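Every number here is computed from the coordinates shown, using simple stated rules; none is lab data. Bear in mind the structure is a predicted one, so any value in this text is a computation, not a measurement. Here Cβ is always computed from backbone atoms with ideal geometry, including for glycine, and neighbour counts include all displayed protein chains.
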Amino acid sequence: MSQEILYTVPQLSKELAITERTIRFYESKNLIKPKRVGSTRIFNYKDRARLLIILRAKKLGFSLKEIKTYLDLYEVEPSQKIQSKNALKAISHRLFQLEDQKKEINIIIKELKSLKKDIVKTLEHS
């Protein structure tokens with residue numbers, strides 16, 4: 001019989017290199033729902049996986065509301081297509097935003113490289 005790995009807030013905080021306060025914040029927003037033993041929060045591998053998804057989604061610029069919508073997909077029956085469609089819509093929208101930002105960043109990089117080249121030329125000829 002395999003034993004499930006369990007984590008406390010300090011253990012999870014250390015493993016994921018985030019603050020304990022961050023974990024409690026995500027819990028307060030109902031993004032993660034650990035079990036409690038007395039006053040101690042106990043997280044299982046699913047809670048850890050959800051937290052990793054939250055952290056990754058935050059890095060990608062998703063709002064907490066969008067993340068909650070996405071995470072809620074794991075809690076519903078596969079036959080509930082409305083939530084899946086809403087998540088797909090949010091993901092598609094975020095992809096569009098990121099592609100747009102990528103284009104803008106590439107333009108700025110190109111302009112900065114050109115400016116750098118001009119400055120180097122000016123310095124070499126002075």
Would you work out the relative contact order for the stretch 1-62, in percent, from Cα pairs under 8 angstrom that are 6 or more residues apart? 35 percent
Calculated FRET value between Asp72 and Gln3, using beta carbons and R₀ = 30 Å, to 0.05: 0.55
Note the full-extension length gain between Leu123 and Lys46 as 0.36 nm times their separation in residues minus their Cα-Cα distance, in nm to one decimal. 21.9 nm
Tell me, how many Å apart are the Cα centres for the stretch 1-66 and for the stretch 87-123? 34 Å
Partner aspartates and glutamates for Lys35 [C-alpha distance under 14 Å; skip if fewer than 8 residues away on the same chain]: Glu4, Glu27, Asp47
222 nm [θ] for the chain, helices only, -39500 (n - 2.57) per DSSP H run of 4+, per residue, to 500? -22500 deg cm²/dmol
Plugging the Cβ-Cβ distance of Ala87 and Ser28 into 1/(1 + (r/R0)^6) at R0 = 30 Å yields, to the nearest 0.05, a FRET efficiency of 0.85
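Exceeding 20 Å between C-alpha atoms, which entries from my cross-link table qualify? They are Lys59/Lys110; Lys33/Lys68; Lys65/Lys103; Lys46/Lys85; Lys29/Lys65; Lys14/Lys65.
Numbers: Lys59/Lys110 25 Å; Lys33/Lys68 12 Å; Lys65/Lys103 26 Å; Lys46/Lys85 23 Å; Lys29/Lys65 9 Å; Lys14/Lys65 26 Å.
Flagged as over cut-off: Lys59/Lys110; Lys65/Lys103; Lys46/Lys85; Lys14/Lys65.
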What's the percent breakdown of Cα-Cα distances in the stretch 3-126 across 5 Å bins, shortest bin first? 2, 9, 15, 15, 12, 11, 9, 7, 6, 5, 4, 3, 2, 1, 0
What residue among Ala57, Ala90, Ala49 has the largest mean-square fluctuation in a Gaussian network model of the chain, using Cα springs under 10 Å? Ala49
Select from Arg94, Arg48, Arg21 the residue whose mean-square fluctuation is largest in a Gaussian network model of the chain (Cα-Cα springs shorter than 10 Å). Arg21
Mind pulling the angle between the C-alpha long axis of helix 45-59 and the longest principal axis of the chain? Nearest 10 degrees, somewhere in 0 to 90. 20 degrees
Taking just the alpha-carbon atoms of the stretch 1-62, what radius of gyration and Dmax come out, in angstrom? 11.7, 41
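Could you work out the relative contact order of the chain? I mean the mean sequence separation of Cα pairs under 8 Å and 6+ apart, divided by the number of residues, in percent. Before the final figure, lay out each step's value.
Values: 60 pairs, mean separation 21.8, N = 126.
Relative contact order, the chain: 17 percent.
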